[in-house]
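Notes follow once the structure below has been shown.
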Amino acid sequence: MASLLEINNLSIDVKVDKETYNVVKNLSLSIGKKQKYGIVGESGSGKSLTSLSILQLLPDVLNVSEGNIVLSNDLDLTAMSTKEILKVRGKEISMIFQEPMTALDPLFTVEHQIKEILRFHGKYSKKQMDDMTIEILDKVGFAKPKQLLKKYPHQLSGGMRQRIMIAMALICKPKLLIADEPTTALDVTIQAQILDLMKQLTNDYDTSILLITHDLGVIAEICERVAVMYAGTLVEETTVEKLFSNPQHPYTKGLLQSINSLGEKGKRLYSIPGNVPSPKETNKTGCRFASRCPYVMDVCLHEDPPLFTVEDDHYSRCFLHREEV
Ligand code: SF4
Ligand code: MG
(Lines give C-alpha, C1' and ligand atoms only; values in the text may rest on other atoms or scores of the structure.)
(Ligands and ions follow the chains in the order given, each with its own letter.)
Protein backbone atom coordinates (compact mmCIF):
# COMPACT_ATOMS: atom_id res chain seq x y z
CA MET A 1 0.00 0.00 0.00
CA ALA A 2 1.33 3.44 -0.95
CA SER A 3 2.23 5.36 2.16
CA LEU A 4 0.73 8.71 3.12
CA LEU A 5 2.34 9.49 6.46
CA GLU A 6 5.60 8.10 7.79
CA ILE A 7 6.63 8.51 11.39
CA ASN A 8 10.34 7.73 11.49
CA ASN A 9 12.15 6.97 14.73
CA LEU A 10 10.24 9.70 16.59
CA SER A 11 11.25 10.60 20.13
CA ILE A 12 9.50 13.25 22.20
CA ASP A 13 11.18 14.61 25.31
CA VAL A 14 10.05 16.50 28.36
CA LYS A 15 12.35 18.40 30.70
CA VAL A 16 11.65 18.11 34.42
CA ASP A 17 14.04 19.59 36.96
CA LYS A 18 16.82 19.85 34.38
CA GLU A 19 16.46 16.14 33.57
CA THR A 20 15.22 15.03 30.18
CA TYR A 21 12.76 12.16 29.85
CA ASN A 22 11.44 10.34 26.78
CA VAL A 23 7.67 10.34 26.66
CA VAL A 24 7.75 8.82 23.20
CA LYS A 25 10.75 6.73 22.28
CA ASN A 26 11.92 5.77 18.77
CA LEU A 27 8.46 5.32 17.33
CA SER A 28 8.13 4.32 13.70
CA LEU A 29 4.96 3.60 11.80
CA SER A 30 3.49 4.16 8.38
CA ILE A 31 -0.08 5.05 7.44
CA GLY A 32 -1.19 4.12 3.93
CA LYS A 33 -3.26 6.18 1.53
CA LYS A 34 -6.96 5.76 2.40
CA GLN A 35 -5.96 3.50 5.28
CA LYS A 36 -7.72 3.55 8.64
CA TYR A 37 -4.96 3.23 11.21
CA GLY A 38 -5.43 3.02 14.96
CA ILE A 39 -3.12 3.67 17.88
CA VAL A 40 -4.35 2.10 21.08
CA GLY A 41 -3.01 2.39 24.61
CA GLU A 42 -3.85 3.51 28.14
CA SER A 43 -3.45 7.12 29.15
CA GLY A 44 0.24 7.86 29.49
CA SER A 45 1.13 5.69 26.51
CA GLY A 46 2.18 8.67 24.37
CA LYS A 47 -0.50 8.14 21.74
CA SER A 48 -2.02 11.62 21.98
CA LEU A 49 1.41 13.27 22.08
CA THR A 50 2.35 11.40 18.93
CA SER A 51 -0.74 12.71 17.19
CA LEU A 52 -0.15 16.27 18.40
CA SER A 53 3.43 16.19 17.16
CA ILE A 54 2.24 15.49 13.60
CA LEU A 55 0.83 19.02 13.37
CA GLN A 56 3.40 20.67 15.66
CA LEU A 57 0.78 21.05 18.39
CA LEU A 58 2.87 19.77 21.29
CA PRO A 59 2.79 21.94 24.41
CA ASP A 60 5.92 24.06 24.89
CA VAL A 61 7.51 21.84 27.52
CA LEU A 62 7.67 18.95 25.08
CA ASN A 63 9.79 18.69 22.00
CA VAL A 64 10.67 16.30 19.22
CA SER A 65 14.25 15.32 19.99
CA GLU A 66 14.77 12.68 17.32
CA GLY A 67 13.25 11.46 14.09
CA ASN A 68 10.79 13.06 11.73
CA ILE A 69 7.28 12.86 10.28
CA VAL A 70 6.90 12.90 6.53
CA LEU A 71 3.70 13.48 4.53
CA SER A 72 3.29 12.21 0.96
CA ASN A 73 6.93 11.06 0.78
CA ASP A 74 8.53 14.49 0.72
CA LEU A 75 6.99 16.98 3.15
CA ASP A 76 8.86 16.89 6.45
CA LEU A 77 6.22 18.20 8.89
CA THR A 78 8.67 18.36 11.77
CA ALA A 79 10.92 20.75 9.84
CA MET A 80 8.20 23.17 8.74
CA SER A 81 7.96 26.77 9.88
CA THR A 82 4.84 27.91 11.74
CA LYS A 83 3.56 29.55 8.57
CA GLU A 84 4.02 26.37 6.56
CA ILE A 85 2.39 24.07 9.08
CA LEU A 86 -0.64 26.38 9.32
CA LYS A 87 -1.26 25.70 5.65
CA VAL A 88 -1.20 21.96 6.29
CA ARG A 89 -3.56 22.07 9.29
CA GLY A 90 -7.16 21.74 8.27
CA LYS A 91 -6.30 21.35 4.60
CA GLU A 92 -3.97 18.36 4.22
CA ILE A 93 -4.39 17.02 7.74
CA SER A 94 -7.18 17.85 10.15
CA MET A 95 -7.95 16.81 13.65
CA ILE A 96 -10.94 16.11 15.86
CA PHE A 97 -10.78 15.73 19.61
CA GLN A 98 -12.71 14.08 22.40
CA GLU A 99 -14.56 17.16 23.61
CA PRO A 100 -15.90 19.17 20.68
CA MET A 101 -16.99 21.97 23.01
CA THR A 102 -13.38 22.93 23.62
CA ALA A 103 -12.53 22.88 19.93
CA LEU A 104 -15.53 24.94 18.82
CA ASP A 105 -15.55 28.65 19.56
CA PRO A 106 -18.55 29.41 21.82
CA LEU A 107 -18.77 32.97 20.50
CA PHE A 108 -19.39 32.17 16.86
CA THR A 109 -22.16 30.48 14.91
CA VAL A 110 -21.77 27.18 13.12
CA GLU A 111 -21.83 28.97 9.79
CA HIS A 112 -19.09 31.39 10.78
CA GLN A 113 -16.81 28.63 12.06
CA ILE A 114 -17.16 26.47 8.97
CA LYS A 115 -16.64 29.36 6.58
CA GLU A 116 -13.59 30.52 8.52
CA ILE A 117 -11.81 27.37 7.42
CA LEU A 118 -12.78 27.94 3.79
CA ARG A 119 -11.64 31.57 3.97
CA PHE A 120 -8.28 30.50 5.40
CA HIS A 121 -7.52 27.70 2.96
CA GLY A 122 -9.05 28.76 -0.32
CA LYS A 123 -10.36 31.52 -2.50
CA TYR A 124 -14.04 30.87 -2.80
CA SER A 125 -16.89 33.14 -3.78
CA LYS A 126 -19.68 33.75 -1.27
CA LYS A 127 -21.96 31.48 -3.27
CA GLN A 128 -19.37 28.68 -3.31
CA MET A 129 -18.88 28.95 0.44
CA ASP A 130 -22.64 28.86 1.03
CA ASP A 131 -23.00 25.76 -1.13
CA MET A 132 -20.01 23.97 0.40
CA THR A 133 -21.24 24.69 3.92
CA ILE A 134 -24.71 23.32 3.24
CA GLU A 135 -23.27 20.33 1.42
CA ILE A 136 -20.95 19.30 4.24
CA LEU A 137 -23.66 19.74 6.90
CA ASP A 138 -25.90 17.54 4.81
CA LYS A 139 -23.11 14.98 4.47
CA VAL A 140 -22.60 14.75 8.23
CA GLY A 141 -26.25 13.90 8.60
CA PHE A 142 -28.18 17.06 9.37
CA ALA A 143 -31.56 16.78 7.66
CA LYS A 144 -32.13 20.53 7.67
CA PRO A 145 -28.68 22.11 7.42
CA LYS A 146 -30.01 25.63 6.88
CA GLN A 147 -31.56 25.68 10.34
CA LEU A 148 -28.18 25.03 11.85
CA LEU A 149 -26.25 27.87 10.35
CA LYS A 150 -27.14 30.50 12.95
CA LYS A 151 -26.80 28.20 15.96
CA TYR A 152 -24.10 28.56 18.59
CA PRO A 153 -22.23 25.52 19.98
CA HIS A 154 -24.05 25.61 23.34
CA GLN A 155 -27.37 25.20 21.53
CA LEU A 156 -26.31 21.79 20.22
CA SER A 157 -26.01 18.33 21.82
CA GLY A 158 -22.64 16.59 22.19
CA GLY A 159 -23.34 14.35 19.21
CA MET A 160 -24.35 17.33 17.05
CA ARG A 161 -21.21 19.21 18.04
CA GLN A 162 -19.09 16.23 17.09
CA ARG A 163 -20.83 16.14 13.68
CA ILE A 164 -20.00 19.83 13.23
CA MET A 165 -16.37 19.07 14.13
CA ILE A 166 -16.30 16.31 11.52
CA ALA A 167 -17.84 18.69 8.99
CA MET A 168 -15.14 21.26 9.74
CA ALA A 169 -12.40 18.64 9.65
CA LEU A 170 -13.48 17.24 6.29
CA ILE A 171 -14.69 20.28 4.37
CA CYS A 172 -11.30 20.71 2.67
CA LYS A 173 -11.16 16.98 1.88
CA PRO A 174 -7.89 16.41 3.75
CA LYS A 175 -5.54 13.52 3.04
CA LEU A 176 -5.53 12.53 6.71
CA LEU A 177 -8.02 12.88 9.55
CA ILE A 178 -6.56 12.51 13.03
CA ALA A 179 -9.26 11.61 15.55
CA ASP A 180 -8.22 11.54 19.21
CA GLU A 181 -10.83 9.67 21.28
CA PRO A 182 -13.55 11.10 19.01
CA THR A 183 -16.40 9.25 20.69
CA THR A 184 -15.25 8.85 24.28
CA ALA A 185 -17.40 11.71 25.58
CA LEU A 186 -20.56 10.52 23.79
CA ASP A 187 -23.40 8.12 24.65
CA VAL A 188 -22.90 4.59 23.36
CA THR A 189 -25.58 4.81 20.66
CA ILE A 190 -24.24 8.14 19.40
CA GLN A 191 -20.70 6.71 19.47
CA ALA A 192 -21.61 4.07 16.91
CA GLN A 193 -23.27 6.66 14.65
CA ILE A 194 -20.25 8.95 14.77
CA LEU A 195 -17.84 6.11 13.98
CA ASP A 196 -20.03 5.05 11.04
CA LEU A 197 -20.11 8.59 9.79
CA MET A 198 -16.34 8.94 9.99
CA LYS A 199 -15.90 5.67 8.16
CA GLN A 200 -18.33 6.54 5.41
CA LEU A 201 -17.11 10.10 4.80
CA THR A 202 -13.44 9.21 4.78
CA ASN A 203 -14.24 6.50 2.24
CA ASP A 204 -16.07 9.06 0.07
CA TYR A 205 -13.20 11.53 0.29
CA ASP A 206 -10.31 9.02 0.07
CA THR A 207 -9.11 10.35 3.42
CA SER A 208 -6.89 8.23 5.68
CA ILE A 209 -7.68 8.07 9.38
CA LEU A 210 -5.36 8.02 12.34
CA LEU A 211 -7.58 7.06 15.24
CA ILE A 212 -6.27 7.43 18.79
CA THR A 213 -8.13 5.51 21.47
CA HIS A 214 -7.86 3.55 24.69
CA ASP A 215 -10.64 1.28 23.44
CA LEU A 216 -9.84 -1.79 21.34
CA GLY A 217 -13.56 -2.05 20.55
CA VAL A 218 -13.39 1.25 18.68
CA ILE A 219 -10.32 0.02 16.79
CA ALA A 220 -12.18 -3.13 15.75
CA GLU A 221 -15.10 -1.00 14.56
CA ILE A 222 -13.19 1.20 12.16
CA CYS A 223 -9.49 0.38 11.62
CA GLU A 224 -7.58 -1.89 9.27
CA ARG A 225 -4.22 -1.63 10.96
CA VAL A 226 -3.17 -0.94 14.53
CA ALA A 227 -0.23 0.01 16.72
CA VAL A 228 -0.34 -0.78 20.42
CA MET A 229 1.61 1.74 22.50
CA TYR A 230 2.80 1.37 26.06
CA ALA A 231 4.65 4.01 28.08
CA GLY A 232 5.91 5.81 24.98
CA THR A 233 6.95 2.78 22.98
CA LEU A 234 5.28 0.84 20.22
CA VAL A 235 4.89 -2.71 21.53
CA GLU A 236 2.91 -4.40 18.77
CA GLU A 237 1.94 -3.52 15.21
CA THR A 238 -0.05 -5.43 12.63
CA THR A 239 -3.42 -5.71 10.90
CA VAL A 240 -6.48 -5.48 13.13
CA GLU A 241 -7.43 -9.01 12.13
CA LYS A 242 -4.10 -10.45 13.25
CA LEU A 243 -4.06 -8.46 16.46
CA PHE A 244 -7.40 -9.89 17.53
CA SER A 245 -6.86 -13.44 16.27
CA ASN A 246 -3.22 -13.84 17.26
CA PRO A 247 -2.10 -11.22 19.82
CA GLN A 248 1.58 -11.56 20.71
CA HIS A 249 2.71 -8.98 23.23
CA PRO A 250 1.84 -9.63 26.90
CA TYR A 251 0.43 -6.10 27.15
CA THR A 252 -1.85 -6.58 24.13
CA LYS A 253 -3.03 -9.87 25.58
CA GLY A 254 -3.91 -8.06 28.80
CA LEU A 255 -5.84 -5.38 26.92
CA LEU A 256 -7.79 -8.01 25.00
CA GLN A 257 -8.52 -9.92 28.16
CA SER A 258 -9.98 -6.77 29.68
CA ILE A 259 -12.42 -6.27 26.79
CA ASN A 260 -13.29 -9.95 26.54
CA SER A 261 -14.31 -10.06 30.19
CA LEU A 262 -16.79 -7.23 29.59
CA GLY A 263 -20.34 -8.39 29.91
CA GLU A 264 -19.58 -11.87 31.19
CA LYS A 265 -21.97 -12.21 34.07
CA GLY A 266 -20.58 -12.98 37.47
CA LYS A 267 -17.04 -12.51 36.24
CA ARG A 268 -14.97 -9.70 37.60
CA LEU A 269 -13.79 -7.25 35.01
CA TYR A 270 -10.17 -8.09 34.30
CA SER A 271 -7.72 -5.26 34.28
CA ILE A 272 -3.97 -5.40 33.98
CA PRO A 273 -2.55 -4.94 37.47
CA GLY A 274 -0.48 -1.82 38.11
CA ASN A 275 -0.18 1.49 36.25
CA VAL A 276 1.67 2.87 33.28
CA PRO A 277 5.03 4.02 34.65
CA SER A 278 5.74 7.75 34.59
CA PRO A 279 8.46 9.02 32.24
CA LYS A 280 10.79 9.33 35.23
CA GLU A 281 10.43 5.63 35.94
CA THR A 282 10.91 4.63 32.31
CA ASN A 283 14.12 6.49 31.72
CA LYS A 284 16.29 3.51 32.47
CA THR A 285 17.06 0.64 30.13
CA GLY A 286 14.82 -2.42 30.03
CA CYS A 287 11.31 -3.30 28.94
CA ARG A 288 8.87 -0.59 30.00
CA PHE A 289 6.18 -3.17 30.67
CA ALA A 290 8.38 -5.20 33.05
CA SER A 291 6.76 -3.95 36.27
CA ARG A 292 3.37 -5.30 35.15
CA CYS A 293 4.37 -8.28 33.04
CA PRO A 294 3.53 -11.79 34.29
CA TYR A 295 6.36 -13.24 32.14
CA VAL A 296 9.15 -10.87 33.16
CA MET A 297 12.64 -12.37 32.88
CA ASP A 298 16.05 -11.17 33.94
CA VAL A 299 16.95 -9.88 30.48
CA CYS A 300 13.81 -7.69 30.45
CA LEU A 301 15.20 -5.59 33.27
CA HIS A 302 18.56 -4.90 31.65
CA GLU A 303 17.99 -4.60 27.93
CA ASP A 304 15.49 -2.80 25.71
CA PRO A 305 13.55 -5.44 23.79
CA PRO A 306 13.75 -4.95 20.00
CA LEU A 307 10.78 -5.30 17.67
CA PHE A 308 10.56 -8.93 16.51
CA THR A 309 8.78 -10.11 13.36
CA VAL A 310 6.50 -12.81 14.72
CA GLU A 311 4.72 -13.69 11.48
CA ASP A 312 4.27 -12.03 8.11
CA ASP A 313 3.43 -8.32 8.66
CA HIS A 314 3.18 -8.68 12.44
CA TYR A 315 5.66 -7.17 14.92
CA SER A 316 6.00 -7.42 18.69
CA ARG A 317 8.52 -5.92 21.11
CA CYS A 318 9.15 -8.69 23.62
CA PHE A 319 12.03 -10.97 24.56
CA LEU A 320 9.67 -13.96 24.63
CA HIS A 321 10.03 -14.00 20.84
CA ARG A 322 13.79 -14.43 21.05
CA GLU A 323 14.52 -18.08 20.52
CA GLU A 324 17.65 -18.46 22.63
CA VAL A 325 16.07 -16.98 25.78
FE1 SF4 B 1 7.31 -9.05 29.57
FE2 SF4 B 1 9.92 -9.21 29.18
FE3 SF4 B 1 8.27 -9.30 27.12
FE4 SF4 B 1 8.64 -7.03 28.47
S5 SF4 B 1 10.16 -8.13 27.23
S6 SF4 B 1 6.72 -7.84 27.79
S7 SF4 B 1 8.86 -7.81 30.56
S8 SF4 B 1 8.43 -10.79 28.76
MG1 MG C 1 -5.13 11.27 25.31
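Taking the criterion of being over 19 Å from LEU255 (Cβ atoms) and either within 16 Å of ligand 1 (Cβ to nearest atom) or among the hydrophobic types (A, V, I, L, M, F, W, C) (or both), the residues of the range 30-56 that qualify are ILE31, LEU49, LEU52, ILE54, LEU55. Candidates in the range 213-262 are the residues that are charged (D, E, K, R) and crowded, with 24+ Cβ neighbours inside 10 Å; of these, the one that is nearest to ligand 1 (Cβ to nearest atom) is GLU236. Counting only helices (runs of 4 or more DSSP H) that fall entirely inside the range 97-159 and contain at least 3 residues that are under 17 Å from ILE194 (Cβ atoms), the qualifying elements are 100-103, 126-139. Residues that are in a loop (DSSP other than H, G, I, E, B) and among the hydroxyl-bearing types (Ser, Thr, Tyr) were ranked within the range 35-53; the one that is farthest from ligand 2 (Cβ to nearest atom) is SER45. Would you say GLN56 is touching a residue at least 24 places away in the same chain (Cβ under 8 Å) and assigned to a loop (DSSP other than H, G, I, E, B)? For GLN56, the condition - touching a residue at least 24 places away in the same chain (Cβ under 8 Å) and assigned to a loop (DSSP other than H, G, I, E, B) - is met. The one condition from (1) assigned to a loop (DSSP other than H, G, I, E, B); (2) at pLDDT 85 or above; (3) surrounded by 19 or more Cβ atoms within 10 Å (Cβ to Cβ) that VAL276 does not meet is (2).
Scanning the range 62-82 turns up at least one residue that is of a type in the set (A, V, I, L, M, F, W, C) and in a helix (DSSP H, G or I). Return yes or no: is ALA179 in contact with a helix residue (DSSP H, G or I) (Cβ under 7 Å, 6 or more places away or on another chain), within 16 Å of ligand 2 (Cβ to nearest atom), assigned to a loop (DSSP other than H, G, I, E, B) and in contact (Cβ under 8 Å) with a residue 12 or more places away in the chain? The answer is no for ALA179. Does GLY32 fit the bill of being away from ligand 2 (no atom under 16 Å from the Cβ) and either modelled with pLDDT of 95 or more or of a type in the set (Val, Ile, Thr) (or both)? Considered against the rule, which asks whether it is away from ligand 2 (no atom under 16 Å from the Cβ) and either modelled with pLDDT of 95 or more or of a type in the set (Val, Ile, Thr) (or both), GLY32 comes out as yes.
When each of ARG317, ARG322 is tested for being closer than 17 Å to LYS25 by Cα and either more than 16 Å from ligand 2 (Cβ to nearest atom) or not charged (D, E, K, R) (or both), the lone residue that passes is ARG317.
I want to confirm something. Restricting to the range 159-212 and keeping residues that are under 27 Å from LEU29 (Cα atoms) and hydroxyl-bearing (Ser, Thr, Tyr), which single residue is surrounded by the fewest Cβ atoms within 10 Å (Cβ to Cβ)? So, considering only residues that are under 27 Å from LEU29 (Cα atoms) and hydroxyl-bearing (Ser, Thr, Tyr), the one surrounded by the fewest Cβ atoms within 10 Å (Cβ to Cβ) is THR184. When restricted to residues that are closer than 30 Å to LEU186 by Cα, within 19 Å of the chain's Cα centre (by Cα) and buried (at least 18 other Cβ atoms within 10 Å of the Cβ), the range 68-120 contains 12.
The values are calculated or read from the model by the stated rules, or taken from the named source; none is laboratory data. The shown structure was predicted, so the numbers you read here are calculated from the model rather than taken from an experiment. Cβ sites come from the backbone with ideal geometry, for glycine too, and all protein chains shown count toward neighbours.
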